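Taking it in order: structure first as structure tokens, then the write-up.
The values are calculated or read from the model by the stated rules, or taken from the named source; none is laboratory data. Everything numeric in this text was worked out from a predicted model, so none of it was measured. Every residue, glycine as well, gets a Cβ built from its backbone with ideal geometry; the counts of neighbours run over all protein chains shown.
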Amino acid sequence: MRRRSFVRRAGLAAVANATAGAVAGCLDVAESGGPTYRNPVFEPILADPTAIRASDGTFYAYGTEDDWRDGEGPRLVPVVRSENLVDWEYVGEAFDSRPSWKEDGAIWAPCVVRRGGRYLLYYSISTWGDENPGIGLATADRPAGPFRDRGKLFTSDEIGVENSIDPYFYVHEGTPFLFWGSFHGVYGAELSPDGAEAVGDPFRIAGDRFEATCIHERGGYYYFFGSAGTCCEGPLSTYRVEVGRAESFDGPYLNGQGRDLRDFGGELVLEENDEFVGPGHNSLVVDDAGTEWLVYHAYERGDEWIDSVPRRCLMIDPLSWEEGWPTVEGRSPSSERAGPVIDG
């Protein structure tokens with residue numbers, strides 16, 4: 001595995017005692033923060049990020065395959081590591097070689113989870129305009145890999161869902177499920193106990209508006225976070241994060257007006273501002289104070305490309321909660337604020 005030393009541009013280490021700001025009137029955010037951070041927390045690129053906390057407490061984030069135009073070629077799922085969600089170090093690539101079960105395509109939108117002493121990496125293989133993309137699985141004993149490819153779960157044609165990309169793994173009462181889909185409906189299906197095969201019929205939880213599923217349970221509800229808009233047009237990108245909630249993990253997910261996300265949009269969590277464009281495709285982790293942190297990508301205005309490659313950087317922001325609904329302060333990315341609380 002190739003190892004390279006890429007770190008975020010500014011490693012801010014000052015400890016902040018100020019409140020980790022919240023939307024006026026919002027509840028349930030940490031009253032004090034960890035190290036001050038400035039977005040983006042890692043660059044040049046970590047698109048479609050998934051983030052986990054490893055068994056030793058270290059955080060890892062994984063991104064879509066991209067060529068950073070530095071002469072090293074495409075990174076086959078770049079992997080970065082952090083002790084505090086603020087200061088990130090590039091540690092390598094998840095794959096030594098591209099999976100061979102699909103002839104054409106890049107590795108997009110990984111989802112990594114820790115389960116049964118191993119790390120599972122679900123991934124998409126697709127090209128732009130691909131008529132039959134698919135989803136595969138790789139496993140590793142260590143969070144940084146290398147991951148061993150276990151092959152295909154299904155293609156779009158096999159599962160009967162157009163544009164089958166953007167996998168998201170979820171365990172409900174001990175049973176594993178996979179959610180996936182991109183602008184042709186978001187679907188879920190039960191997996192075999194080892195997570196290597198879809199064994200249930202697909203069921204739909206969200207409509208053609210969404211991709212990039214993330215599901216989070218809190219306070220008796222299941223929350224569906226999905227991205228809407230365009231992800232990859234640089235300064236013209238319209239990506240944003242919306243949310244709905246349900247009393248059951250398989251839906252129906254409703255917005256604040258009680259409308260079903262299979263037919264309507266969700267409540268706004270995050271959209272562009274004067275500094276950042278196209279925020280979206282989020283993951284979610286919880287710090288040691290119990291605050292949920294959105295981990296996502298966005299463009300810095302005025303610096304949206306590396307040659308022809310969309311420069312989607314790694315970002316973080318805490319969620320605030322009001323009357324059972326989550327949002328990010330100001331409903332847009334922060335520039336700088338108090339960071340996560342990490343014990344020790």
If you check GLU267, GLU300, GLU275, which single one turns out to be out of contact with any helix residue (DSSP H, G or I) (no Cβ under 7 Å at 6 or more places or on another chain) and closer than 30 Å to GLU190 by Cβ?
GLU267
Sole residue being under 15 Å from TRP88 (Cα atoms) and either hydroxyl-bearing (Ser, Thr, Tyr) or modelled with pLDDT of 50 or more (or both), chosen from GLY57, GLY11:
GLY57
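Every residue, every condition in (1) among the small types (Gly, Ala, Ser); (2) at pLDDT 95 or above; (3) crowded, with 19+ Cβ neighbours inside 10 Å, yes or no:
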| residue | (1), (2), (3) |
| --- | --- |
| ALA246 | yes, yes, no |
| ASP250 | no, yes, no |
| GLU272 | no, yes, yes |
| GLU275 | no, yes, no |
| GLY278 | yes, yes, yes |
| ASN282 | no, yes, yes |
| TRP293 | no, yes, yes |
| TRP305 | no, yes, no |
| ARG311 | no, yes, yes |
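Here is a list: PRO146, PRO176. Which entry is at pLDDT below 95, in contact with an Asp or Glu (Cβ under 8 Å, 6 or more places away or on another chain) and within 25 Å of ALA51 (Cβ to Cβ)? If you could, list the steps in order and put the result at the bottom.
On the way: PRO176 fails: at pLDDT below 95.
Result of the check over PRO146, PRO176: PRO146.
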Filtering segment 105-161 for residues that are assigned to a loop (DSSP other than H, G, I, E, B), within 21 Å of the chain's Cα centre (by Cα) and within 30 Å of SER82 (Cα to Cα) leaves a count of 7
Return the only residue of ASP141, ASP130 being of a type in the set (Asp, Glu) and touching a strand residue (DSSP E or B) at 6+ places or on another chain (Cβ under 8 Å).
ASP141
Looking at the structure I just gave you, is SER248 under 14 Å from the mean Cα position of the chain (by Cα), within 22 Å of TYR187 (Cα to Cα) and of a type in the set (Ser, Thr, Tyr)?
no
Per-region count, segment 215-242, residues out of contact with any His (no Cβ under 8 Å at 6 or more places or on another chain) and either among the charged types (D, E, K, R) or surrounded by 24 or more Cβ atoms within 10 Å (Cβ to Cβ) (or both)
8
With outside any strand (DSSP E or B) and crowded, with 22+ Cβ neighbours inside 10 Å as the only criterion, which of GLY195, GLY256 stands out?
GLY195
Looking only at segment 271-284, how many residues end up being in contact with a Leu (Cβ under 7 Å, 6 or more places away or on another chain) and among the aliphatic types (A, V, I, L, M)?
1
Counting only residues that are buried (at least 16 other Cβ atoms within 10 Å of the Cβ) and over 19 Å from ASP208 (Cβ atoms), how many does segment 156-177 have?
4
Within segment 61-97, which residues are surrounded by 16 or more Cβ atoms within 10 Å (Cβ to Cβ), touching a Leu at 6+ places or on another chain (Cβ under 9 Å) and of a type in the set (D, E, K, R)?
GLU65, ASP66, ASP87, GLU93
Criterion: modelled with pLDDT of 95 or more, aromatic (Phe, Trp, Tyr), under 26 Å from ASP130 (Cα atoms) and part of a strand (DSSP E or B) - qualifying residue of TYR223, TYR187:
TYR187
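Given the criteria outside any loop (DSSP other than H, G, I, E, B), touching a residue at least 40 places away in the same chain (Cβ under 8 Å) and among the acidic types (Asp, Glu), does ASP96 qualify?
Against the criterion (outside any loop (DSSP other than H, G, I, E, B), touching a residue at least 40 places away in the same chain (Cβ under 8 Å) and among the acidic types (Asp, Glu)), ASP96 does not qualify.
Restricting attention to strands (runs of 3 or more DSSP E) lying wholly within segment 276-344, give those where 1 or more residues are small (Gly, Ala, Ser) and closer than 23 Å to GLU211 by Cβ.
276-286, 292-300
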Close pairs from segment 51-74: first without any contact (Cβ under 8 Å) to a residue 40 or more places away in the chain, partner assigned to a loop (DSSP other than H, G, I, E, B) and crowded, with 23+ Cβ neighbours inside 10 Å, Cβ under 6 Å, at least 6 apart:
PRO74/GLU65
